[in-house]
Amino acid sequence: MSAMFSRIAASAVALTLMSGAFLSSVAHARPAKATLEASVCPTDALRALEAKCYTADLPEDHDAPRGKRISVPVAVLKGDKKAAPLFFFPGGPGSSALDREERLRVLKDGADGRDLVVFAYRGGRGAAPELDCDPSYRRLSAYYRKFTPIVHGPGSPVERLAQIGAYYEACHQRLKEQGVDIAQYTEYNIAFDIDAIRKALGYKAIHVAGHSAGGGAVLTQARLFPEAVASVIAEAPWPVWTRNRAPIDELAPSRILYTRLLSPYIGQRFGEHTFSAFDLDRAQDVLDAEPVVLTFGSQTIRFDGAALMHRLYVDLPQDLEGLAGLLTSVANGDRSGLEAFIGVPNSVPIEQGDTPWGLYLSIVCGDMGADKLTKTEIIAMVEKEPALLGFEPTLACPWWETSGDVPASQNRPPSLKMPVLVITGERDTCCGRRVADELRLVSPSVQTADLAGRGHSTFGGCRNTLVRQFLDNPAKPLDKSCTQK
Amino acid sequence: MMKKPEVKAFFAAVLAIIGAANADARNTKSTLEKSACPTEALQVVDAVCYTADLPEDHKAPDGARVQIPVAVLKGDNEGAPLFYFPGYPGESVLGYLDDIKTLRDGAGGRDLVLFDYRGSHRASPSLDCDLSLGRLSAYDNIFSPVVYDTAEAQTRFKKLTDYFETCHADLKSSGVAFEHYNDYGVAHDVEAIRKALGYKKIHVAGHSAGGGTILTQARYFPSSVASIIAESPWPTWTRNRAMIDEFYAAREHYLQKLAPFVGERLQGRIFSILDLDKARRALDAMPYMLNAGEETHRFDGAGLFHRLYVQPPKDYKALAALLAAIADGDRSGLRAFIGEPTGTPGAQEGPAPYGLYLSWICGDMGADKLSKTETRAMVQAEPALLGFEVGLACPWWDTEGDVPPEHNSAPVLDIPVLVVTGERDACCGRRMADELRTISPVVQTAEIKGRGHRVLGECRSALVRQFLDNPASPIDKSCTRK
């Protein structure tokens, strides 16, 4: 696809492009307006790569362009190809790739001579404001801390849910006190920022690529601004319409993935036992009936059935045969392999990372809009399935008081006409090919590539091979041979 | 009960028996006798019919024998023939002229080989049991008392488990070795028939449970199978998982189909994806009571999921509107959705003899079953399982099928596979295509728009013909979108 484009003058110092009102048939009539100012690059990585850096000045509420302003850092890694640029959307949601030199080099390689545009999200690291909250979230999050008390106790599941709910409430209160219009920090509003930045940089159409929650954000971008998006590359996407379903329904596909990956070992002997299709369930039941209790310094952890599900979700073992052997042992009352599987605590420094937690929660909960479960409904769900505590942060969104400023259609899968490539990892417990399949139900122009042996991280050589091919001719069927290696 | 065909002539085609590489040392030997065709449909299409005489236990060739009808619809294409495996498990296609013609059309001039399964209605023996399963089964009776009675879940479940125990006792007293009536026994029958008919290799196509049996066929006899066409497949390794996981896979299907209507205003309400859950809970909290004659049917959340599973909606937008209304306390559309009970259905014949059906679905599990306690706990946690699959009650079927331990693993094959699924199939749609995508290096998938569990028709035939012509070459799937 040859996209018409224009680029800003290389010598631009303070460039202001006031685009005319762009009335997309899909986005509503918000004026997407940004002012770009050239700036010193905010990270060593960007300087090492000789990026051209800007600060984008944007309205906090795109419906109120004369209201409060926010800013985000933007960087352009110029290429030598006269073709539409590639915008990259990191995951989190709310994280940033601006300080990761290695990551940026891989992305640049994938862009294959096109301009690569990277940025921080509104509210993200390097933006103003940064939506920080208490960094202790890292010690609660089931993603970051191996033995988070939310999964490993003490207390009942509902008490532990209350603990995470209390963090959400405190973080929400902090942002509110800072005068942040919390409802505006969503994937929906980010799409308006990016389109404004696109215009300000003078690109007519852009390719968009994103990973995880960013892989969801590129789909929202394409849905809202179809005329400005030439093609979409969604990598291990975690889109709004799946993550905002009832958590109990989202837990199920991950369980089905485990059973599918383990199904080749059914009937195989492991010592005295034969692996059964039911051993995953049975091991969970056995651990619920009698959890493993371990002490590490001052922390006592309880490893029950929910903890087993948590571990599989966030850290699925590479050695599936070994996992089948372990599950069948546990199901049959032999726990000798469990301690090695459980492992030791990881180090979780309490510090602000590349994702401000206030932004993270604003996006995770805000994109639900008014369409949330109630606290009572979530409590009932956790009582029924405590493993939800080790699953996704969407669980506690009823404790995040603000509804994002998004239309009800935000949680609908997009019907896209432009070419879409979905790259997934075969072992991704969250965002594998089921998401690609779901997207294909409503967007016929979807190509998919499932990387053998890979999990949620799809970055690497094969990803770049696919991306380069796709960008060269998005409508052409890809050679996917690298995915099998 | 249909009568077995009268055997008229003798046709012997006993070939040397050589155990296939991956099968065990079972003696897969069949004697084929030419016979009158057992159905009018087969006579109309000029089939050549046989009765296959087979050992009930292929490891004991001198023991009890079983007989099944086999029909060959000769073609003018010299290529390997197509063997067709119907579903349920245990049903027959031999009496359905239109289906036979469609299958022949799909075979693209190749010989089409049809047969009834061991233990089925026209086979000898036929594994009959009391016909009351027709009333209890949530598949066969849309107001099954197991789902809709006013008694609590475990009491309703007991109706089903009692049936399993009674049927099991009846078969046992009949002397049938019913541990051999399953995918494994059938695969050995078909391999023996293949040899007796003198075919070196065969293409295998099968629908639903039959789409699973052909994978078993290929697992145990890989060198005899040229290609595989799995239509809405329901393979052993998925149906013999914990049923709660399979139930949630079906829920995922409903959510996918409802997702395009999220945020839409439908009959005055904005539809939310959470409305499926909310409607379910609203119905659990206050079930809808429906009086029909002397019976009262209770339609609760389990009833809702039962309906979605066995009667996949054609109009998901209307379903979205209904769910939004129920979630919001408006039940005015519910009666039309539930439908009118047509009175208590009496005992009725199923597509397969019920004894065969249960021997098969429970027997394939081998020793790998949940316990009664585990199953009761699962029903307690999710009563909607009562309206899902009948195999839920297999712990009450006391006999283990004679199958190897690896029988329920996903097979590893090196044979081209085509998976044909229906867009609206909650059981065996695209997720099964996903399950099969890694079993062989060459797996093609095709999903037919607008179709449910049944995919037989022109598009299916067009896909199958192309695939049979060159199984390794990508097929043109344009007909699937019409």
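Taken together, the values in this text are just the output of simple stated rules run on the coordinates, not laboratory data. Note that the structure is predicted; figures quoted are calculated from it, not measured. We place every Cβ from the backbone using ideal geometry, glycine too, and count neighbours over all the protein chains shown.
Between residue B:381 and residue A:139, the FRET efficiency estimated from the beta carbon spacing at R0 = 41 angstrom works out to 0.80. Where both residues lie in the protein assembly as shown, what percent of DSSP beta bridges are antiparallel, nearest 5? DSSP beta bridges in the protein assembly as shown are roughly 55 percent antiparallel. Net length available on complete extension from residue A:178 to residue A:472 is 101.2 nm, with 0.36 nm assigned per residue and the Cα-Cα distance removed.
The string of couplings for segment A:272-282 from the Karplus curve (6.51, -1.76, 1.60, θ = phi - 60°) is 8, 10, 10, 5, 10, 4, 9, 5, 4, 4, 5 Hz, one whole number per residue in order, with x for Gly and Pro.
Listing A:431, A:171 from fewest to most neighbouring C-beta atoms within 10 Å gives A:171, A:431.
Remark: A:448, B:150, A:424 ranked as B:150, A:448, A:424, counting other beta-carbon atoms within 10 Å and listing the fewest first.
Other protein chain C-beta atoms within 10 Å of residue C-beta, averaged over A:264-273: 4. Among A:432, A:397, A:330, flag the residue with its Cα farthest along the positive direction of the charge dipole of segment A:327-474, charges on Cβ as +1 for Lys/Arg and -1 for Asp/Glu. Of A:432, A:397, A:330, it is A:432. Measure out, as a whole number of angstrom, how far apart the alpha-carbon centroids of segment A:302-353 and segment A:152-202 sit. Measuring centre to centre over Cα atoms gives 30 Å. Efficiency by 1/(1 + (r/R0)^6): what FRET value for residue B:43 and residue B:328, r their Cβ-Cβ distance, R0 = 41 Å, to the nearest 0.05? Calculated value: 0.10.
Only Cα pairs under 8 Å and at least 6 apart count here; give the relative contact order of segment A:38-106 as a rounded whole percent. Value for segment A:38-106: 32 percent. Remark: mean inter-chain Cβ contacts per residue of A:432-441 equal 3, using a 10 Å Cβ-Cβ cutoff to other protein chain atoms. Taking the charge dipole of the protein assembly as shown about its Cα centre, with +1 at Lys and Arg Cβ atoms and -1 at Asp and Glu Cβ atoms, the residue from B:185, B:467, B:132 reaching farthest to the positive side is B:467. Peptides A:360-368, B:346-354 ranked from most to least packed by the mean count of surrounding Cβ atoms within 10 Å: A:360-368, B:346-354.
Local charge for residue B:41 was computed over the other residues whose Cβ lies under 12 Å away, with Lys and Arg +1 and Asp and Glu -1, and equals -2.
When DSSP beta bridges are restricted to pairs lying wholly in chain A, around 55% turn out antiparallel.
Reported value for chain B: 141 Å³ per residue, from the convex hull of its C-alpha atoms. Site pair residue A:163 and residue A:68 shows an inter-label distance of 3.2 nm when each label is modelled 7 Å from Cα along Cα→Cβ. Take every pair of alpha-carbon atoms less than 8 Å apart whose residues are at least six positions apart; their mean separation over the length of chain B yields a relative contact order of 18 percent. If R₀ is 41 angstrom, what is the calculated FRET efficiency for the pair residue B:166 and residue B:286, using the beta carbon separation as r and rounding to 0.05? Given R0 = 41 Å and the Cβ-Cβ separation, E is 0.70. If the limit is 27 Å between Cα atoms, which of A:78/A:176; B:34/B:201; A:176/A:204; B:172/B:195 go over it? Listed pairs above 27 Å: A:78/A:176; A:176/A:204; B:172/B:195. Could you please report the charge total around residue B:350, scoring K, R as +1 and D, E as -1 over all other residues with beta-carbon less than 12 angstrom from its beta-carbon? Summing Lys/Arg as +1 and Asp/Glu as -1 gives -4.
How many Cβ atoms of partner chains, on average, are near each residue of A:367-380 if near means within 10 Å of its Cβ?
Rounded to a whole number, the mean comes out at 2.
Relative contact order for chain A using alpha-carbon pairs under 8 Å, separation at least 6, rounded to a whole percent? About 19 percent, as a whole number. A cut-off under 14 angstrom between Cβ atoms defines the neighbours of residue B:338, and their net charge, with Lys, Arg +1 and Asp, Glu -1, is +1.
Taken along the Cα-to-beta-carbon direction at a fixed 7 Å, the label points for residue A:336 and residue B:400 span 2.3 nm. Projected label points at residue A:415 and residue A:48, each 7 Å from Cα along the beta carbon direction, are separated by 4.7 nanometres.
A dipole drawn for the protein assembly as shown from +1 and -1 charges on Cβ atoms has a positive end, and of B:401, A:36, A:303 the residue lying farthest that way is A:36. Among the listed pairs B:257/B:278; B:101/B:482; B:101/B:477; B:257/B:314; A:81/A:108, those whose Cα-Cα separation exceeds 20 Å are B:101/B:482; B:101/B:477. Of all aspartates and glutamates in the structure, those lying under 16 Å Cα to Cα from residue A:146, and not within fewer than 8 positions of it along the same chain, are A:304, A:315, A:339, A:392.
With coordinates expressed along the principal axes, the C-alpha atoms belonging to the protein assembly as shown extend over 97, 58, 58 Å, beginning with the largest.
Put in order of Cβ neighbour count within 10 Å, fewest first, the listed residues A:341, A:275 become A:341, A:275. For segment B:86-167, GluC sites (Glu not before Pro) are listed when DSSP marks them as loop and at most 14 other Cβ atoms sit within 10 Å of their Cβ; the list is B:152. Each part reduced to its alpha carbon centroid, segment A:416-436 and segment B:254-290 end up 27 Å apart.
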